[in-house]
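Chemist: Dumping the structure here so I can ask a few things about it.
Read-outs throughout are calculated quantities, based only on the coordinates presented, and are distinct from any laboratory measurement. Small disclaimer: the values here were computed from a predicted structure and weren't measured. In this analysis, Cβ positions are derived from the backbone assuming ideal geometry, glycine residues included, and neighbour counts consider all displayed protein chains.
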Amino acid sequence: MLMELGFDMSRYHEESFGETPPEAIEEAEESAELAQITEELDVTGYAVEFVDEGMSVTITESETIHSASAKLGLHIPKACGMGICGSCKVKLVSGNVNMEHNGGITEEDEEEGYILSCCSKPLGNVTIEI
C-alpha cells in the first residue's frame, strides 16, 4: 500500500527486540512497589535533576535514572530495558551512577559522560541531560 502511495521503501529499516523479557517486567513492578513504600515511609533518596527540562525527583539507590524520568512524565526512548540496545543513552552532567549494561554503550560514549538510563542507578545526587 505504501508503494502505491509513492513511498520509497528501499530506505525503510525496522528493528525488533521482541517482547519485553519477564525479568524486566518483574523489575518494573518491584520498582513501582518500592516507590510506593518509599513514599509511605518518607525514605530519603538521591535527587535526579533533568537540567534541560528544569525538573527533578528523588529516587532510592535501587531505582534507575529511567524510572526517575518516568516519574516526572519525561520520555526517554527505551527498547530493551537491559542495557543492550543503547536507545536510552543520556548524558551524565554531574554525579556518579552504577551502570550495569550488557554492551549497549561504547567505551567512547562512557568516556564522554554518557550512560544508559535503563540500567544506571544513582550513587548520589545526579544531573542528567536528555
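Chemist: Along its three principal axes, how long is segment 20-129 when you only count alpha carbons? Whole Å, largest extent first please.
Modeler: 41, 32, 22
Chemist: Here is a follow-up. Can you sort 25, 65, 105 from fewest to most other Cβ atoms within 10 Å of each residue's own Cβ?
Modeler: Ranking 25, 65, 105 by Cβ neighbours within 10 Å, fewest first, gives 25, 105, 65.
Chemist: Sort 72, 116, 92 so the one with the fewest other Cβ atoms within 10 Å of its own Cβ comes first.
Modeler: 72, 92, 116
Chemist: Lys and Arg at +1, Asp and Glu at -1: add these up for the other residues within a Cβ distance under 14 Å of residue 103 and post the number.
Modeler: -4
Chemist: For a quick check: sort 58, 20 by the number of other beta carbons within 10 angstrom, fewest at the front.
Modeler: Lowest to highest Cβ neighbour count: 20, 58.
Chemist: Determine the sum of side-chain charges near residue 45: Lys and Arg each +1, Asp and Glu each -1, restricted to other residues whose C-beta is under 10 angstrom from that of residue 45.
Modeler: Every neighbour counted, the sum reads -2.
Chemist: Could you list which residues have their amide H under 5 Å from that of residue 56, counting only those 5 or more apart in sequence or on another chain, with H placed in the peptide plane?
Modeler: Amide H neighbours of residue 56: 50.
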